[in-house]
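Heads up: the structure comes next, in structure tokens.
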Amino acid sequence: MAEINKAPRGTNDVLPEDSYKWQFVENKLLETAGLYGYREIRVPVFEHTEVFIKNVGDTTDVVQKEMYTFTDKGDRSITLRPEFTAGALRSIVEHSLTSAALPVKVCYLGGCYRYEKPQAGRLREFHQFGVECIGATTPLADAEVIALANQLLTDVGIKKISLEINSIGCPTCRAEYHKALKAYFQAKSSELCGTCQDRLERNPMRILDCKSPVCAAIAKDAPVVIDFLCDECKAHFEAVKSYLDAMAISYTINPRIVRGLDYYTRTVFEFVSGDIGAQSTVCGGGRYDGLLENMGGQSQPGLGFAMGVERLLMVLQSQQAELPEPRPCDIYIAPMGEAAALNAAVLCKALREEGFEAATDIVGRGLKAQMRYANKLGAKYTLVLGDSEIESGKAKLKCMADGNETEVDINALAEALYDANFASLAEAFDI
């Protein structure tokens with residue numbers, strides 16, 4: 001029986017004490033992506049199952065083992081999104097976004113769902129940020145997308161991370177690679193897991209991505225795709241590297257990167273951290289030139305990447321990165337009596353409309369308890385409001401950092417706070 005007072009396995013609550021970190025990271029991701037011309041797209045949390053089977057790939061672990069799929073009341077097969085790209089491209093096709101100026105640049109942020117064994121950095125509900133660039137075929141487009149990912153990671157505060165790149169070719173040269181892989185794995189087919197024995201016939205590249213230790217050990221000496229690239233794919237990859245060199249973006253070539261989804265072509269890449277254990281890939285992506293047409297749209301090249309927000313936060317924590325502190329309460333108004341409580345409520349409303357975070361008592365505490373509560377809130381200033389303050393129109397604004405008090409006009413409290421904050425900044429910067 002489900003425990004109704006516990007979150008489902010593989011999910012996490014983000015509490016107020018941590019949510020400001022998420023807000024900082026998410027806002028920074030959207031802000032930096034905007035510098036590259038990416039605008040946010042929001043797609044449904046579920047799609048028709050065929051969207052993922054057809055485009056993620058029916059030989060992938062995601063489709064075979066991990067999707068949350070159910071039949072709705074209209075007898076339709078529906079799946080919670082395990083990743084964003086397929087849904088984002090479905091939306092681009094449905095709304096004919098490619099009929100406008102190319103390239104189409106979109107970014108997204110939200111939850112994804114995969115049924116897998118929960119572990120650090122791998123949850124059943126996780127959050128992704130990513131981008132999709134449709135309509136750009138040049139190697140410079142690949143390099144720019146990688147540069148964006150690199151800047152995103154830098155801007156959120158990650159200091160140590162490695163870029164690994166590879167090319168997995170086009171359908172033409174990949175066919176030759178598949179033949180070589182098939183010949184290699186057929187000689188060891190009896191040692192492969194049942195899933196990989198099926199993949200051997202349908203898509204031998206998926207064996208390279210198997211999580212089984214036995215299959216991984218066998219795959220270690222398998223042929224590498226970069227040795228089978230056609231001349232055009234080689235030239236494309238060399239150009240990508242030259243652009244990365246020109247932009248001073250360090251990388252290493254990892255011929256074992258194939259990515260876990262079937263739609264990739266040519267350039268693939270991962271940003272890897274050594275600070276978060278086994279789940280070391282923080283960001284991954286690449287080119288997928290045939291995917292939009294596979295979705296029923298125009299034939300347009302595409303590329304993009306996705307990064308897990310949970311993993312970003314894990315890296316930031318492991319690197320002890322300094323994140324901005326949450327905004328403190330600007331002022332706590334402590335009323336004494338019913339008339340003061342009414343006036344405090346009116347004052348707080350006016351201050352909030354001026355952009356201040358203001359708080360007052362709404363549970364009926366005594367004055368001492370209110371002061372303790374103001375301390376817990378981290379209030380920068382407090383103001384005690386009683387009958388005499390209301391009658392005179394004057395009250396003492398107390399700075400909680402040093403205990404200094406200044407008499408202020410209650411009806412000009414916003415101006416007093418502006419002046420107090422400016423004086424505090426001037427002192428801090430010795431103006």
Among the residues of the stretch 363-412, write down those that are surrounded by 15 or more Cβ atoms within 10 Å (Cβ to Cβ) and under 15 Å from Leu347 (Cα atoms). Tyr381, Thr382, Leu383, Val384, Leu385, Gly386, Glu389, Ile390, Ala395, Leu397, Val408, Ile410
Select, from Gly355, Gly364, Gly337, the only residue that is touching a residue at least 12 places away in the same chain (Cβ under 8 Å), at positive phi and not assigned by TED's automatic domain parsing to the domain that holds Lys21. Gly337
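Based on this model, can you work out whether Ala344 counts as more than 30 Å from Cys112 (Cα to Cα), surrounded by 21 or more Cβ atoms within 10 Å (Cβ to Cβ) and at pLDDT 95 or above?
Considered against the rule, which asks whether it is more than 30 Å from Cys112 (Cα to Cα), surrounded by 21 or more Cβ atoms within 10 Å (Cβ to Cβ) and at pLDDT 95 or above, Ala344 comes out as yes.
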A careful count of residues in the stretch 337-395 that are part of a loop (DSSP other than H, G, I, E, B), among the basic types (Lys, Arg) and more than 39 Å from the chain's Cα centre (by Cα) gives 1
Could you list, ordered by first residue, the pairs with Cβ atoms under 7 Å in which the first is in the stretch 164-189 and without any contact (Cβ under 8 Å) to a residue 12 or more places away in the chain and the second is crowded, with 17+ Cβ neighbours inside 10 Å and assigned to a helix (DSSP H, G or I), at least 6 apart or interchain? Ser189/Leu200
Could you tell me whether any residue of the stretch 257-273 is without any contact (Cβ under 8 Å) to a residue 40 or more places away in the chain and more than 22 Å from Glu116 (Cβ to Cβ)? no
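Is it the case, given these coordinates, that Thr60 is in contact with a Lys or Arg (Cβ under 8 Å, 6 or more places away or on another chain), more than 30 Å from Gly157 (Cα to Cα) and either in contact (Cβ under 8 Å) with a residue 60 or more places away in the chain or exposed (fewer than 12 other Cβ atoms within 10 Å of the Cβ) (or both)?
It is true that Thr60 is in contact with a Lys or Arg (Cβ under 8 Å, 6 or more places away or on another chain), more than 30 Å from Gly157 (Cα to Cα) and either in contact (Cβ under 8 Å) with a residue 60 or more places away in the chain or exposed (fewer than 12 other Cβ atoms within 10 Å of the Cβ) (or both).
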What are the residues in the stretch 1-50 that are more than 20 Å from Glu83 (Cβ to Cβ), in a helix (DSSP H, G or I) and of a type in the set (S, T, N, Q), if any? Ser19, Gln23, Asn27, Thr32
Among the residues of the stretch 159-186, how many are under 29 Å from Glu201 (Cα atoms), aliphatic (A, V, I, L, M) and surrounded by 16 or more Cβ atoms within 10 Å (Cβ to Cβ)? 4
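Quick check on Val156: is it crowded, with 21+ Cβ neighbours inside 10 Å and more than 28 Å from Asn203 (Cβ to Cβ)?
On the way: crowded, with 21+ Cβ neighbours inside 10 Å: yes; more than 28 Å from Asn203 (Cβ to Cβ): yes.
So Val156 fits the description; yes.
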Subset of the stretch 244-264, residues within 14 Å of Ala219 (Cβ to Cβ) and at pLDDT 90 or above, comes to Asn254
Report, by residue number, each residue of the stretch 370-406 that is hydrophobic (A, V, I, L, M, F, W, C) and within 18 Å of Thr360 (Cα to Cα). Met371, Ala374, Leu377, Ala379, Leu383, Val384, Leu385, Ile390, Ala395, Leu397, Cys399, Met400
Any residue in the stretch 111-122 that's at pLDDT 85 or above: show its pairings with residues that are loosely packed, with under 15 Cβ neighbours inside 10 Å and assigned to a loop (DSSP other than H, G, I, E, B) at Cβ separation under 9 Å, as long as the two are six or more apart or on different chains. Gly111/Val45; Cys112/Val45; Tyr113/Val45
Among residues of the stretch 277-290 being surrounded by 22 or more Cβ atoms within 10 Å (Cβ to Cβ) and hydrophobic (A, V, I, L, M, F, W, C), the residue modelled with the highest pLDDT is Cys283
Among the candidates Ala401, Ala369, which residue alone is small (Gly, Ala, Ser) and in contact with an Asp or Glu (Cβ under 9 Å, 6 or more places away or on another chain)? Ala369
Is there a residue in the stretch 131-146 that is of a type outside the set (Lys, Arg), on the phi > 0 side of the Ramachandran plot and touching a Pro at 6+ places or on another chain (Cβ under 7 Å)? yes
Residue among Ala217, Ala239, Ala222, Ala248 that is without any contact (Cβ under 8 Å) to a residue 60 or more places away in the chain and either surrounded by 15 or more Cβ atoms within 10 Å (Cβ to Cβ) or within 26 Å of Thr172 (Cα to Cα) (or both): Ala222
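The values are calculated or read from the model by the stated rules, or taken from the named source; none is laboratory data. Since we're looking at a predicted model, the values are computed, not measured. Positions of Cβ are generated from backbone atoms using ideal geometry, with glycine treated the same way; all protein chains shown enter the neighbour counts.
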